[in-house]
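This report concerns only the one structure given below.
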Amino acid sequence: MRDTAFSTNGPRAVLRHLWQDQRVWLASALIIGVLMVVDPRQAVDSTGFAAAALLHTAPYLILSIAIAAWAGATGADNLIAKAFTGAPLLMIGLGALAGGLSPFCSCGVIPLIAALLAMGVPLSAVMAFWLASPIMDPSMFVLTAGVLGAEFAVAKTFAAIGLGLFGGLVVYLLMRGGAFADPLREGIGNGGCGGSKVRAPQPVVWRFWTEPDRRAKFGKTALTTTLFLAKWLTLAFLLESLMLAWIPAETVTAALGGTGLMPIVSATLVGVPAYLNGYAALPLVGGLIEQGMAPGAGMAFLVAGGVTSIPAAMAVWALARPQVFALYIGLSLTGAFASGLLFQLWVSMA
């Protein structure tokens, strides 16, 4: 909803817009306020956790925001959108590969994904990148190899790329049937209207800072994207801090122990609400495997938890329409179970 619409719809429309824009900040403030009353120490811990997490992701976020703002100010977004047309299956493959190997965390890719969708890049290619990116990155590969072994790290990388390919192909087939014409929520990117349609090419002005209008567009895009990310990530990290504080590791251990097919199913489902984070989950899974848990269950837990972790899932919810979010979760769970099952079969055959 654009600002020009507010002046014609009266005070009620203005208030509704302000509520929709500020409710995420209000939710974060409410959480901290309730914690200050019932558990002041946890309030301090959660606030510090959220601040530290935002600081940790800041380099990726700054780079992503700058790229998105630069693409819009120069008009390069039209070239990017044009490059993604004509070969959707190739773009799905490249998106999955880039997601599985890129150094961006699930939070750092949010502005890039929003920009790609608004530029007209097909949702199938974006979904492939979106699904693969939270599972694996170079630093995660090194840590996974150190904690769980090189074989597990390589298998997790293939799982990330495979999940991206699977999700991209499913979305591609659904889109051929007319689904997901406008994947973005109203007010995101280009307003969610026609965001999946490639716009007519416009001249690219690489030296955008020489034109006042383009400088203004760069600043506005950077500011709005920063505020959007800040409010959603603050809420996500606050919720993650409470999950870490209130869900004992022993509870997760009890739910994931054992061997056979059912632990893989359990690990896939438990990974959604009980996932800690990509780094904290590694020693937990390593300890469970040493205690007899099936390696496939560990793989399913890491894949499902990575894609559906609070920051990753809230990013999808904030950007995409509910039906896209539901598909994202469904693809995550299906792909995680398949990854765990295939890895377990591989281990048993080795």
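The values are calculated or read from the model by the stated rules, or taken from the named source; none is laboratory data. All values reported here derive from a predicted model rather than from experimental measurement. All Cβ positions, even for glycine, are placed from backbone atoms using ideal geometry, and neighbour counts span all protein chains on display.
What are the pairs with Cβ atoms under 6 angstrom where one residue, in segment 277-296, is in a helix (DSSP H, G or I) and the other, located anywhere, is at pLDDT below 75 and crowded, with 22+ Cβ neighbours inside 10 Å? Sequence gap at least six, or different chains.
These pairs meet every condition: Leu288/Leu256.
From the list Ile80, Ile110, pick out the single residue that is under 22 Å from the mean Cα position of the chain (by Cα), modelled with pLDDT under 65, of a type in the set (Val, Ile, Thr) and within 16 Å of Ala125 (Cα to Cα).
Ile80
Across segment 83-107, which residue is nearest to Phe228 (Cα to Cα) among those that are at pLDDT below 75 and crowded, with 17+ Cβ neighbours inside 10 Å?
Residue satisfying both the conditions and the ranking: Cys107.
Being modelled with pLDDT under 85 and not hydroxyl-bearing (Ser, Thr, Tyr) is the requirement here; does Leu276 meet it?
Yes; evaluated as a whole, the condition is true for this residue.
Filter segment 201-234 down to residues that are exposed (fewer than 13 other Cβ atoms within 10 Å of the Cβ) and small (Gly, Ala, Ser), then give me how many there are.
Total meeting the criteria: 2.
When the residues of segment 289-305 are filtered to those that are under 14 Å from Ser266 (Cα atoms) and surrounded by fewer than 24 Cβ atoms within 10 Å (Cβ to Cβ), which remaining residue is farthest from the chain's Cα centre (by Cα)?
Met293
Among all residue pairs at least 6 apart or on different chains, which show Cβ distances below 6 Å where the first residue, located in segment 313-334, is surrounded by 16 or more Cβ atoms within 10 Å (Cβ to Cβ) and the second is aliphatic (A, V, I, L, M) and not in a helix (DSSP H, G or I)?
Close Cβ pairs satisfying both conditions: Leu319/Ile188.
Kindly list, by first and then second residue, each pair from a residue in segment 40-68 that is farther than 17 Å from Leu227 by Cα to a residue that is buried (at least 19 other Cβ atoms within 10 Å of the Cβ) and at pLDDT below 90, limited to pairs with Cβ atoms under 6 Å and residues at least 6 apart or on different chains.
These pairs meet every condition: Ser46/Leu238; Ser46/Ser241; Phe49/Ser241.
What is the one condition in (1) at pLDDT 80 or above; (2) outside any helix (DSSP H, G or I) that Thr47 does not satisfy?
(2)
Hey, among the residues in segment 134-178 that are over 16 Å from the mean Cα position of the chain (by Cα) and outside any helix (DSSP H, G or I), which one's nearest to Gly271 (Cα to Cα)?
Selected residue: Gly149.
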